[in-house]
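Novice: Encoded as structure tokens, here's the structure I'll be asking about.
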Amino acid sequence: MSAPILKVRDLKRDYVISGGMFGKSKLLHAVKGVSFDVERGSTLAVVGESGCGKSTLARMLTMIDPPTAGTIEIDGEGIDIAAHGVTREMRQAVQIVFQNPYGSLNPRQKIGAVLEEPLLLNTSMSAAERRDAALAMLEKVGLPPEHYGRYPHMFSGGQRQRVAIARAIMLRPKLLVLDEPVSALDLSVQAQILNLLRDLQDEFELTYVFISHDLSVVRYIADEVMVMYFGEAVEHGTRDQVFSDPQHDYTKTLFAATPRADVESIKKRLAAKPAA
Amino acid sequence: MALLEIRNLRVEFDTAAGPFRALDGVDYTVEGGEVLAIVGESGSGKSVAMLAVMGLLPESATVSADLMAFEGIDLRTMPAAERRKVIGKDIAMIFQEPIASLNPCFTIGFQLDEVLKAHTSLSRKARKDRVIELLESVGIPDPLRRVSAFPHQMSGGQCQRVMIAIATACEPKLLIADEPTTALDVTIQKQILDLLTDMQRDTGMGLIMITHDMGVVAETADRVVVQYKGKQMETADVLTLFENPSHPYTKALLSALPENATGDRLPTVADYEAMMQADVREVQP
Ligand SMILES: Nc1ncnc2c1ncn2[C@@H]1O[C@H](COP(=O)(O)OP(=O)(O)OP(=O)(O)O)[C@@H](O)[C@H]1O
Ligand SMILES: Nc1ncnc2c1ncn2[C@@H]1O[C@H](COP(=O)(O)OP(=O)(O)OP(=O)(O)O)[C@@H](O)[C@H]1O
Ligand SMILES: [Mg+2]
Ligand SMILES: [Mg+2]
């Protein structure tokens, strides 16, 4: 068995929150000691209730926020941004697609430049080569070439989400953390993105940590699934284990609450509705 | 009289690459107490249509329509002061990207209070209680403390729920919700959808719900508009749409749920187009 590319041990993150109407501040334990490994070339899906600490975990894995305690090892190398910062190679090897693509795009930078920037900084490609790479990437995420010269605000929500994905995969990072990357996409475009991620994984042995609340997406993309609940990992197993035999109550609730899109359920709902 | 009635809405953007038509003659009607779902491909003009209603499109947009009436009065000919009163009070919108639409410089409690101040006659004390009540209604834990949090101190889904609390705070007659549950797991999604549909039942509010989640459509909508590339493909009541979709795009949409994936690949945009063409050939031999 190959060594895991990502090794996380007892990772914790606290936030100080001000007291509000109580006047006294308090510690919020957003991530409470999480441990897991991810194999190279595989996908770990992280699911869990809103506010359970998924994005906090993502920010620690991608070296944006320092952990309060615990260790992260990427490709055998210990990461401690608080103590000695991060090398450029490491920054390049680990990329993130933020949950909020709007906030992560510079409003004054055209999309072509957004996609070319990592190539400009990290490769010796010529301007023409960079442009071609950017245009090819646009096509891969289902955006027309005219969008090359557009600014972020000129895109629809789902288009912006795809720009963020395109930017992150431009450099073929070893480890890619995707925080709700397809939440704004309709099924057809979502499928195109999921297929693309899978192709890239096969071709370049990319490793994904994929945060999503959409169980059908998780079922498609994940090798392993980790379920978080109030800052703890309460369940972790292979996809088939978790889907066929969920152990934790929250996981079971999650499956039960998935909306039903069949005709019988619609009829039942309409029948129960009081006449307007 | 319909709550909102829009006929033949067109929106064109002036871009560096020339004019771009985002919407090409779409119609929407919403009655009080009704839930209208708008579904369609990413980029099909769902958000642009609703931003046009709110008067929030940038200068580069040219909007035209045969009719754009709220409670029978054309929004376009309404005096500016009148329109400002309607938008925000009678018509509220939950924007697609919640973090971007909250003000990063103010606490969420302050932002909620501002809305109550502007649109209700509640006393200072009553507003304070109402703010907590609203945060509770959208399931924000520990609301007494979290009122003083800034948006960046909240999770993605928590920001989305604060946005929902703000939009429902003034009990609008029409609520436009643009992908209101995209950042939420199914358990909290259910709580939010129940909150919106209860409100709609109790106050007779009209609700326009933009979503790409056919499960959400099935569980909330009365009628559904299906859009594709700036055009309206089909309008139907929810049961008809699921039982007997008439447009090929709708059929493709319903048959492409990931649980129906064959083998390793999911059906993509290209497959949809193929499905649609095959279907059209069937209809016109
Ligand atoms: N900068 C911060 N200061 C204080 N509290 C924070 C901060 N960032 C996050 N939190 C809190 O930590 C908890 C975990 O937040 P996180 O963003 O990790 O949740 P999440 O699982 O990503 O949720 P969602 O699915 O809604 O995006 C939440 O209760 C949140 O309010
Ligand atoms: N300011 C703008 N300038 C140019 N084009 C724009 C602008 N705003 C939106 N568009 C384009 O208009 C089209 C419709 O956008 P809209 O935001 O309504 O899509 P949508 O249906 O809401 O998609 P999504 O599901 O991805 O949010 C898109 O192709 C988008 O790129
Ligand atoms: Mg998050
Ligand atoms: Mg939109």
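Novice: If the requirement is being at the interface with chain B (Cβ under 10 Å from one of its Cβ atoms), over 23 Å from residue B:215 (Cβ atoms) and either part of a helix (DSSP H, G or I) or in contact with a helix residue (DSSP H, G or I) (Cβ under 8 Å, 6 or more places away or on another chain) (or both), which of these qualifies: A:200, A:196? Reasoning before the result, please.
Specialist: Working: A:200 fails: at the interface with chain B (Cβ under 10 Å from one of its Cβ atoms).
Step by step, each of A:200, A:196 is checked, and only A:196 is at the interface with chain B (Cβ under 10 Å from one of its Cβ atoms), over 23 Å from residue B:215 (Cβ atoms) and either part of a helix (DSSP H, G or I) or in contact with a helix residue (DSSP H, G or I) (Cβ under 8 Å, 6 or more places away or on another chain) (or both).
Novice: Within the range B:22-36, how many residues turn out to be in a strand (DSSP E or B) and either at positive phi or hydroxyl-bearing (Ser, Thr, Tyr) (or both)? It would help to see each step written out before you state the result.
Specialist: First, pick out the residues of the range B:22-36 that are in a strand (DSSP E or B): B:22-30, B:35-36.
Then drop every residue that is not either at positive phi or hydroxyl-bearing (Ser, Thr, Tyr) (or both), which leaves B:25, B:28-29.
Qualifying residue count, the range B:22-36: 3.
Novice: Taking the criterion of being touching a residue at least 12 places away in the same chain (Cβ under 8 Å) and in a loop (DSSP other than H, G, I, E, B), would at least one residue in the range B:216-223 satisfy it?
Specialist: We begin by selecting, within the range B:216-223, every residue touching a residue at least 12 places away in the same chain (Cβ under 8 Å); these are B:216-223.
Checking the rest, the ones that are also in a loop (DSSP other than H, G, I, E, B) come to B:221-222.
Yes, the range B:216-223 contains at least one residue that is touching a residue at least 12 places away in the same chain (Cβ under 8 Å) and in a loop (DSSP other than H, G, I, E, B).
Novice: Condition (residue is farther than 30 Å from residue B:190 by Cα, basic (Lys, Arg) and modelled with pLDDT under 90) applied to the range A:11-24: is it met by at least one residue?
Specialist: Yes, the range A:11-24 contains at least one residue that is farther than 30 Å from residue B:190 by Cα, basic (Lys, Arg) and modelled with pLDDT under 90.
Novice: Then there is this: Within the range B:37-53, restricting attention to residues that are within 13 Å of ligand 4 (Cβ to nearest atom) and part of a strand (DSSP E or B), which residue is surrounded by the fewest Cβ atoms within 10 Å (Cβ to Cβ)?
Specialist: Let us first name the residues in the range B:37-53 that are within 13 Å of ligand 4 (Cβ to nearest atom), namely B:38-52.
Next cut, part of a strand (DSSP E or B) only: B:38-40.
On the way: B:38: 28, B:39: 28, B:40: 24.
Out of the qualifying residues, it is B:40.
Novice: How many residues, within the range B:159-177, are among the charged types (D, E, K, R) and crowded, with 24+ Cβ neighbours inside 10 Å?
Specialist: Of the range B:159-177, the ones among the charged types (D, E, K, R) are B:161, B:171, B:173.
Cutting the leftovers down to crowded, with 24+ Cβ neighbours inside 10 Å gives us B:161.
Counting residues in the range B:159-177 that are among the charged types (D, E, K, R) and crowded, with 24+ Cβ neighbours inside 10 Å gives 1.
Novice: Only one of B:64, B:101, B:121 is modelled with pLDDT of 95 or more and more than 16 Å from ligand 3 (Cβ to nearest atom). Can you tell me which? Walk me through how you get there before you give the answer.
Specialist: On the way: B:101 fails: modelled with pLDDT of 95 or more; B:121 fails: modelled with pLDDT of 95 or more.
That would be B:64, the only listed residue that is modelled with pLDDT of 95 or more and more than 16 Å from ligand 3 (Cβ to nearest atom).
Novice: I'd like the full set of residues that are outside any helix (DSSP H, G or I), of a type in the set (A, V, I, L, M, F, W, C), away from ligand 2 (no atom under 16 Å from the Cβ) and away from chain A (no Cβ under 12 Å), limited to the range B:155-204. Step through it out loud before you land on a result.
Specialist: First, the residues of the range B:155-204 that are outside any helix (DSSP H, G or I): B:155, B:170-185, B:204.
This time we only want the ones that are of a type in the set (A, V, I, L, M, F, W, C), so: B:170, B:174-177, B:183-184.
Filter once more, so that each one left must be away from ligand 2 (no atom under 16 Å from the Cβ): B:170, B:174-175, B:184.
B:170, B:174, B:175 - these are the residues of the range B:155-204 that are outside any helix (DSSP H, G or I), of a type in the set (A, V, I, L, M, F, W, C), away from ligand 2 (no atom under 16 Å from the Cβ) and away from chain A (no Cβ under 12 Å).
Novice: Next question, about the same structure. Given (1) more than 7 Å from chain B (Cβ to nearest Cβ); (2) in a helix (DSSP H, G or I), identify the lone condition not met by residue A:220.
Specialist: For residue A:220, the exception is condition (1).
Novice: Out of the range B:59-113, which residues are small (Gly, Ala, Ser), more than 14 Å from chain A (Cβ to nearest Cβ) and surrounded by 14 or more Cβ atoms within 10 Å (Cβ to Cβ)? Can you show your working first?
Specialist: Step one: of the range B:59-113, the residues small (Gly, Ala, Ser) are B:60-61, B:64-65, B:69, B:72, B:80-81, B:88, B:92, B:100-101, B:109.
Filter again for more than 14 Å from chain A (Cβ to nearest Cβ), leaving B:64-65, B:69, B:72, B:80-81, B:88, B:92.
Within the range B:59-113, B:64, B:65, B:69, B:88, B:92 qualify.
Novice: Ok, one more. Got a sec? Which of A:204, A:210, A:255, A:230 is more than 30 Å from residue B:32 (Cβ to Cβ), free of Cβ contacts under 8 Å to residues at least 40 places away in the same chain and of a type in the set (Phe, Trp, Tyr)? Let's see the steps before the verdict.
Specialist: Numbers: A:210 fails: free of Cβ contacts under 8 Å to residues at least 40 places away in the same chain; A:255 fails: free of Cβ contacts under 8 Å to residues at least 40 places away in the same chain; A:230 fails: free of Cβ contacts under 8 Å to residues at least 40 places away in the same chain.
Matching residue, one of A:204, A:210, A:255, A:230: A:204.
Novice: Taking the residues in the range A:156-182 that are within 16 Å of ligand 4 (Cβ to nearest atom) and either of a type in the set (Asp, Glu) or without any contact (Cβ under 8 Å) to a residue 12 or more places away in the chain (or both) as candidates, determine which candidate is surrounded by the most Cβ atoms within 10 Å (Cβ to Cβ).
Specialist: Ranking the qualifying residues of the range A:156-182, first place goes to A:180.
Novice: Further question: Please find, within the range B:147-164, the residue that is farthest from ligand 1 (Cβ to nearest atom) out of those that are in contact (Cβ under 8 Å) with a residue 60 or more places away in the chain and β-branched (Val, Ile, Thr).
Specialist: Checking each candidate, the answer is B:164.
Novice: Please indicate, with yes or no, whether at least one residue in the range B:90-97 is without any contact (Cβ under 8 Å) to a residue 24 or more places away in the chain, in contact with a Phe, Trp or Tyr (Cβ under 7 Å, 6 or more places away or on another chain) and within 30 Å of residue A:159 (Cβ to Cβ).
Specialist: Within the range B:90-97, the subset without any contact (Cβ under 8 Å) to a residue 24 or more places away in the chain is B:97.
From what is left, the residues that are in contact with a Phe, Trp or Tyr (Cβ under 7 Å, 6 or more places away or on another chain) are B:97.
Then keep just the ones that are within 30 Å of residue A:159 (Cβ to Cβ); that gives B:97.
Within the range B:90-97 (the criterion being without any contact (Cβ under 8 Å) to a residue 24 or more places away in the chain, in contact with a Phe, Trp or Tyr (Cβ under 7 Å, 6 or more places away or on another chain) and within 30 Å of residue A:159 (Cβ to Cβ)), the answer is yes, since at least one residue qualifies.
The values are calculated or read from the model by the stated rules, or taken from the named source; none is laboratory data. Worth saying up front: this structure is predicted, and the values here are computed from it rather than measured. Heads up, the Cβs are rebuilt from the backbone with ideal geometry, glycines too, and the neighbour counts pull from every protein chain shown.
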